[in-house]
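Reading through the structure tokens given below for one structure.
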Amino acid sequence: MITFPSSELTDDELALRDQVRAFMADYRAQGHRLQLGINAEPDPEFSKLISRRGWVGMSIPVEYSGHGRTAVDRFVVVEEMLAAGAPISAHWVGDRQTAQMLLRFGTEAQKRRFLPRIVTSDVFFCLGMSEPESGSDLASVRTRATRTDGGWILNGQKVWTSGAQYADYAVTLCRTEPLGQSKHVGLSQLLVDLKADGVTVSPIRLLNGAHHFNEVFFDDVFVPDELLLGKPGDGWHQVTSELAHERSGPDRFLSVMPIVQLLYERQRARDLDLEMSEMLGRLFAMYMTFRSMSLSIARRLDAGELPAVEAALVKDMGTEFENQAVAVLRRLVNAEIDPRGGEFEALLADAVITAPTFTLRGGTNEVLRGVIAKDLIRNRRRVA
Amino acid sequence: MINFNDDLFEVASKMFERKQAAARYHAVEPWAQDLWDQLRTSGFTTLGRDATVADHCALAKAVGAYAVALPLVDTGLARWAAEHAGLSVADEEIVVCAGLALGDDLVGSVDASGGMSITGHARRVPWASRADVLIAPVRIGDRVRWARLRRADVDFNESVNLASEPRDDLTITAVVPTEVADEAPRVKDVRARGALLRAASGVGAMEFALNASLTYAEQRTQFGRPLSGFQAVQHHLVMMAEAVASVSSAVDAAVFSPPEQRLMRVAAAKVIFGEQSAVLTRLAHQVHGAIGATEEHPLHTRTRRLWSWQDEFGTATQWAVELATQLVFATSPGAWPVLTPPLTVLASRDVGETVPW
Ligand SMILES: Cc1cc2nc3c(=O)[nH]c(=O)nc-3n(C[C@H](O)[C@H](O)[C@H](O)COP(=O)(O)OP(=O)(O)OC[C@H]3O[C@@H](n4cnc5c(N)ncnc54)[C@H](O)[C@@H]3O)c2cc1C
């Protein structure tokens, strides 16, 4: 059964939220431009700044120089950052999922090597999953690594790799055994040093012209044994195990919240007519609901569960909603958008232009619905 | 899913299930006195202030899940309000709230000898024609007080909702109340609680429609495959499951809300319920094909209720406007900080009278 038991933040968690809010108000007062969720321009300095506050790698255990805090603490920090339009991209992948992946599957040496540097924003990761011929059908990747003395020789190509232009390592899904009966067998993940010989990163411009993602080519790249994540052949299991972390967070429904806040500030002076009130009310009812669903998942992560189906559901609904939110904002504005017309309009322009990516990145909504449908039907059969 | 109070939900469900197995499905059963008696013996018809909002919602959910055509939820609401106000209601009496619809107006006047009489109208009162007693907010000067009226003293125009449940218009002309009590609880809190109960019943009805659709999609074969094998149908099923999950989560958040957020969370729950149950009803009928559009098939006993419950105790539109005005006011620091208030604000917040719940 798909469930979302509700939960409230504790006083300690609320106090943490207050700290982050005050920090962001201060940051904003320094004149920084608002950013839209994970499409934000990477800002390693900002990542380091909040690392010093203890807000990156929060749930990494103290023995790996982390803060030993909870998934809910992370939820509190990231939702506040996203609502305030913080430039969170640089550390995002490492903080959201690579750290979890290392904790669960990494060797002791890998944990000691990478986790402390994730906490301090001294190492950034990107995800080398998609390939030109492998999108939704991820297990069909062709990038392959063959055995050599002390490591692997990697050949192939990745695409849509967000942040490869500044990341240090690409978590790269590849074939380490020839394709056999099952395409899910024989896959592994390598932590590929993007500065290594034979790696080429070339930009792809997103539809708003931004340099967000890249093509990454591997040409006889040597990857030492110690950079194969966990055990060889465990790649598919690893990838699918982290989906509850990857898909359930506030980044899946808060991308345009900074614009809603700006709209509110613009609007405050004027009277809200009935229609505008209704639109805003409906928008906020959705925000409230997704917040509580996402928080519910964070609590379950803290209880050691991995509610992957619930996470897929939040991502599907949340990203559809983000598109609706953009449509509502346009109706509220009810005028042509001038991308050069000040912060509000520039952000709205960006949101309109990049909204199509919300329902693609991290697994398309059609694929997510496939995952949920399978679970619904399986449960029904069990009951019947 | 989330049953607010699992034990209560299970017990009530068992009772309804037995009854339903015997009776088959109808849009509105003839008044099921045997079931009402059974519910009375079990104490379900006298649930009031002694029970938590979670208990009331658990029962409401079971009523929705089994499309129980009895005023169980509405008597629960009325007893809770009556007990808070300090009005007496006997155990065997069926009591409902009147005068909660927007635009309803009941005015009390006091004559020279100190006797009070009430005049006015109340629209679409749930189950009024079945009640013994009505309780209603009455305007007396610039105050609002709760009054207890005999149903027999009130004129009726009987009508129904889309599921043929009684919803009657009342005309009240110089009726002497049998009792008058306090101003508390506030009318808007009672209406909000009513809205939450409808949404909780809605969760039960929505779960039924989802499960019925899943079962049907597995059983019905076309083109040599079960319907559940078609991706388009699978996506319908998923959107229905999403509808159930989101409404259930919104209701749960309202039930277990901290006091100062209750009205906002109820508003959100009723909005989400309105929107998502509309998605679900459309898709449930789509998946069922023509058979689901017949009177014989049980699906409409849930979908027709959902279509009415969406509007009762305030439409989604009304609650959306209410939510927006709670968030957006002259001195508000912005919608986000109102939704997620700082600890200091929470601690020092003056909720006014402690909202009963
Ligand atoms: C902004 C952005 C950032 C990204 N960042 C990264 C990154 O950092 N690393 C990375 O590895 N990838 C990244 N991606 C790639 C992303 O994961 C893929 O776009 C996604 O998995 C879909 O693959 P595709 O684009 O090849 O589409 P396809 O798989 O070709 O799908 C095209 C359409 O067909 C539908 N479709 C495909 N298969 C099915 C099916 N079985 N049933 C129903 N419909 C189906 C899809 O839903 C979609 O609508 C990013 C994408 C975007 C837009």
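The values are calculated or read from the model by the stated rules, or taken from the named source; none is laboratory data. Everything numeric here is computed off the predicted structure, so don't read it as measured data. Every residue, glycine as well, gets a Cβ built from its backbone with ideal geometry; the counts of neighbours run over all protein chains shown. Protein only, heavy atoms only, side chains kept; ligands, DNA and RNA dropped before computing areas. Shrake-Rupley method; radii C 1.70, N 1.55, O 1.52, S 1.80 Å.
For this structure, a couple of remarks:
- Ranking A:VAL239, B:ILE272, B:PHE156 by Cα position along the charge dipole of the protein assembly as shown, where only Lys, Arg, Asp and Glu carry charges on their C-beta atoms, puts A:VAL239 farthest toward the positive end.
- The alpha-carbon atoms of the protein assembly as shown, seen along their principal axes, cover 102, 63, 50 angstrom, with the largest extent given first.
- When GluC sites (Glu not before Pro) are flagged only if DSSP places them in a loop and at most 11 other Cβ atoms lie within 10 Å, the longest unflagged stretch of chain A comes out as A:134-335.
- Projecting the Cα atoms of B:VAL255, B:LEU227, B:VAL244 onto the dipole axis of the range B:197-275, where Lys and Arg carry +1 and Asp and Glu carry -1 at the beta carbon, places B:LEU227 farthest toward the positive end.
- Relative to the dominant Cα principal axis of chain B, helix B:231-255 is inclined by about 30°.
- Fraction of accessible area attributable to carbon and sulfur, the range A:127-233 (%, probe 1.4 Å): 51 percent
- For a label point 7 Å along the Cα-to-beta-carbon line of B:HIS297, residues of the range B:189-228 with backbone N under 13 Å: B:209-210, B:212-221
- The B and A chains share an interface that buries close to 4500 Å² of accessible area, total over both sides, probe 1.4 Å.
- Candidates A:SER140, B:THR41, A:ALA99 compared by Cα position along the dipole of the protein assembly as shown: farthest toward the positive end lies A:SER140, with charges placed on Cβ.
- Normalised Debye scattering of the range B:34-160 at q = 0.09, 0.10, 0.12 Å⁻¹ gives log10 I(q)/I(0) of -0.27, -0.33, -0.47, counting only Cα atoms as equal scatterers and leaving out solvent.
- Of all beta bridges that DSSP places with both ends in the range A:105-172, some 60 percent have antiparallel geometry.
- Oblate is the label for the range A:127-233, because a/c, from the alpha-carbon gyration tensor with a ≥ b ≥ c as root eigenvalues, is 1.5 or above and a/b does not exceed b/c.
- Between A:MET24, A:MET288, A:MET257, the residue with the greatest mean-square fluctuation in the GNM of chain A (Cα pairs under 10 Å linked by springs) is A:MET288.
- Counting only other chain Cβ atoms within 10 Å of each residue's Cβ, the peptide B:238-245 averages 6.
- Residue-averaged [θ]222 nm for the protein assembly as shown, counting only DSSP H segments that reach four residues, each worth -39500 (n - 2.57): -15500 deg cm²/dmol
- Using θ = phi - 60° in the Karplus curve 6.51 cos²θ - 1.76 cosθ + 1.60, the 3J(HN,Hα) couplings for the range B:201-206 round to 4, x, 4, x, 5, 5 Hz; x is entered for Gly and Pro.
- Straight-line cross-link reach from B:LYS61 at under 25 Å between alpha-carbon atoms covers these lysines, not counting any fewer than eight positions away in the same chain: B:LYS14, B:LYS19, B:LYS188, B:LYS270.
- Principal-axis tilt of helix B:6-23 within chain B, Cα atoms, nearest 10 degrees: 70 degrees
- With protein chains left intact and a 1.4 Å probe, residues in the protein assembly as shown average 39 Å² of accessible area per residue.
- Over the Cα atoms of the range A:11-123, the radius of gyration divided by the Kirkwood radius equals 0.97; this is the Rg/Rh ratio.
- Judged by the gyration tensor of its Cα atoms, with axes a ≥ b ≥ c, chain B is oblate; a/c meets the 1.5 cut and b/c is at least as large as a/b.
- Occluded residues from the range A:353-384, i.e. those whose accessible area drops by 50 Å² or more once the chain is not alone (1.4 Å probe): A:ARG369, A:LEU376, A:ILE377, A:ARG380
- Alpha carbon convex hull of chain A, projected area averaged over orientations, nm²: 20.5 nm²
- Set of lysines with alpha-carbon distance to A:LYS231 below 18 Å, sequence-local pairs under 8 removed: A:LYS111, A:LYS183
- Reachable aspartates and glutamates, given that their alpha-carbon falls under 12 Å from the alpha-carbon of A:LYS315 and they are not under 8 places away in the same chain: A:GLU246, A:ASP251, A:GLU366, B:GLU242
- Computed from Cα atoms, the angle from the helix B:262-288 axis to the main principal axis of chain B rounds to 30 degrees.
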